[in-house]
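S.K.: So that we are looking at the same thing, I have put the structure below in structure tokens.
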Amino acid sequence: MKILALETSCDETAAAIVEDGVKEVCSVVASSREFHEETGGIVPEVAARKQVEFIIPVLDNIVKKFSDKADTNTSIDYARENIDMLAVTVGPGLIGSLLVGVEAAKALSLAWEKSLIPVNHLVGHIYANWVDAEDLPEFPSLALVVSGGHTDLVLMGGHGDLIYLGGTLDDAVGEAFDKTARLLGLSKYLGGPELSRLASTCKDNKAIGVLPRPLLDSDKYDLSFSGLKTAVKRLIEKDIYPPDVIACEFENAVVDVLVSKSIKAAKEYKVKSLLLGGGVSANLQLRTRIKNEAANIGVKTHIPPLHLCTDNAVYIASAAYFNNHPRNLSEIDADSSLGIIDIV
Ligand code: KG4
Ligand code: ZN
């Protein structure tokens, strides 16, 4: 079964076709990132207007890529005949951006007479682990979703059986990376990768333990990152350590907390696999440490390839395949109640 999915929750306009939930057929991602770099942060109105501008070219492009693979020049007819279902991200995200994808998907659903499956963006991130994977995750699984807007620990008993264990009480982990990168003068917008690159150049972390590891010793699965960001600000003001040391200590503090909470949950719920998802799962230190520590307790870690960590529509199509509940079009709204918490 081939599913065509659309993803427009933030500043990416993406479309993808995935076969049987596990094989990427083709994918297109357009981004309005450069416009938000100018303002040093995302302006929702600008992001939504860019979605409107990009959605038709992205759809044209995915249909063309799909038919080129089959060596046919009747793109639209070929796509219509060979795509079985449609899927779209309905939330969470920026409402103006989401609306563009949802309305485009509804229109396509009516025109092509195909069912439409609504997908939660965060659940989607988890399904990046099913695409072109060497081996598929085994249940029960623990998923750590670390993105720019969310940080969640989710127990998966099976497809559609999700239990929210905990998550951030304030800033998301990606947001903390981005704000710290800005404090260090590395980047005004989405500086997580730059911060991580700087951290990797630090040869001698003279500031080990100087920053807090928030809620590390609490029994619960709650996380908190806003205090860490404030602690970094104070540390920079003291002017004791160079930027590479601060970046390294910040990254260590974040990864210490994420790995420790994930391993604690993996042990408590006796999971067979640990899944990473979301933009911050591109972080090299997090990938390496979580894999090693999970292996020490006999748990297999699944981590998406880098191109599937940040926003795209491939994992939305995969999530749709495994959670295949087509809805009546009138029930599908941007930001409709398909959040992880609602699924519990
Ligand atoms: O999942 P995503 O693409 O968008 C959301 O759904 O939010 O995540 C974007 C986030 C940004 O905060 C970005 O700085 C962060 O992922 N990120 C990283 C790395 N690559 C992306 N953070 C730390 N290290 C990285 N290598
Ligand atoms: Zn995302």
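The values are calculated or read from the model by the stated rules, or taken from the named source; none is laboratory data. Please read these numbers as outputs of a predicted model, since none were measured by experiment. So basically every Cβ, Gly included, is an ideal-geometry build from the backbone, and we count neighbours across all protein chains shown. Accessible surface areas use protein heavy atoms only, side chains included; no ligands, DNA or RNA. Shrake-Rupley method; radii C 1.70, N 1.55, O 1.52, S 1.80 Å.
S.K.: So if each residue of separation counts as 0.36 nm, and I subtract the Cα-Cα distance between D77 and E113, what length gain in nm does that give?
M.R.: Result for the pair: 11.7 nm of gain on full extension.
S.K.: Which far-off residues, 5 or more places away or on another chain, put their amide H under 5 Å from the one on T13, with H placed in the peptide plane?
M.R.: Those lying under 5 Å, H to H, from T13 are A30, S31, S32.
S.K.: Can you give me the distance in nm between label points at K267 and L169, each placed 7 Å from the Cα along the Cα-to-Cβ direction?
M.R.: Simple spin-label model gives 2.3 nm for this pair.
S.K.: Sequence neighbours fewer than 8 away in the same chain don't count; with that in mind, list the aspartates and glutamates whose C-alpha is under 17 Å from K238.
M.R.: E249
S.K.: Let me know the longest stretch in the chain that avoids all GluC sites (Glu not before Pro) found in a DSSP loop with at most 14 other C-beta atoms within 10 Å. Spell out each step's value before the answer.
M.R.: Working: sites that count: E113, E134, E138.
With GluC sites (Glu not before Pro) excluded where exposed in loops, the chain gives 139-344 as its longest stretch.
S.K.: At V46 and S226, where each label point lies 7 Å from the Cα along Cα→Cβ, what is the point-to-point distance in nanometres?
M.R.: For V46 paired with S226, the spin-label model returns 2.5 nm.
S.K.: On a full-extension model of 0.36 nm per residue, what is the gain between D60 and R327, subtracting their alpha-carbon distance, rounded to one decimal in nm?
M.R.: Extra length from D60 to R327 when fully extended: 93.6 nm.
S.K.: What do you get for Rg/Rh over the chain if you use C-alpha atoms and the Kirkwood form of Rh?
M.R.: Working: Rg = 20.3 Å, Rh = 20.6 Å.
That ratio equals 0.99.
S.K.: Mind pulling the angle between the C-alpha long axis of helix 243-268 and the longest principal axis of the chain? Nearest 10 degrees, somewhere in 0 to 90.
M.R.: 70 degrees
S.K.: Follow-up question, since we're still on this one. Return one number: the angle in degrees, 0 to 90 and rounded to the nearest 10, between the long axis of the Cα atoms of helix 95-112 and the longest principal axis of the Cα atoms of the chain.
M.R.: It is inclined by approximately 30 degrees.
S.K.: Can you pull the one-decimal nm distance between simple spin-label points at H159 and R213, each 7 Å off the Cα toward Cβ?
M.R.: In this crude spin-label approximation the distance works out to 3.8 nm.
S.K.: What pairs from K261/K291; K23/K270; K50/K233; K179/K206 go past 24 Å between their alpha carbons?
M.R.: K23/K270; K50/K233
S.K.: Taking the Cα centroid of the stretch 158-177 and of the stretch 62-120, what is the distance between the two, rounded to the nearest whole Å?
M.R.: 28 Å
S.K.: I've got another one for you. Counting only other residues whose beta carbon sits under 12 Å from that of N129, what net charge do I get with K and R as +1, D and E as -1?
M.R.: -3
S.K.: Compute the helix-to-body angle for 284-296: its Cα long axis versus the longest principal axis of the chain, expressed 0 to 90° and rounded to tens.
M.R.: In the chain, helix 284-296 runs at an angle near 80 degrees to the longest axis.
S.K.: Related question: Taking a probe of 1.4 Å, how large is the accessible area per residue of the chain, in Å²? Let's see the in-between values first.
M.R.: Values: 14730 Å² over 344 residues.
Heavy-atom SASA per residue in the chain reads 43 Å².
S.K.: Using a Debye calculation, one point per C-alpha and no hydration shell, please list log10 I(q)/I(0) for the stretch 136-304 at q = 0.09, 0.16, 0.17 Å⁻¹ in order.
M.R.: Here log10 of I(q) over I(0) equals -0.29, -0.87, -0.97.
S.K.: Can you pull the percent of the chain's accessible area that's carbon plus sulfur, 1.4 Å probe, other chains left in place?
M.R.: Its accessible area is 52 percent carbon and sulfur atoms.
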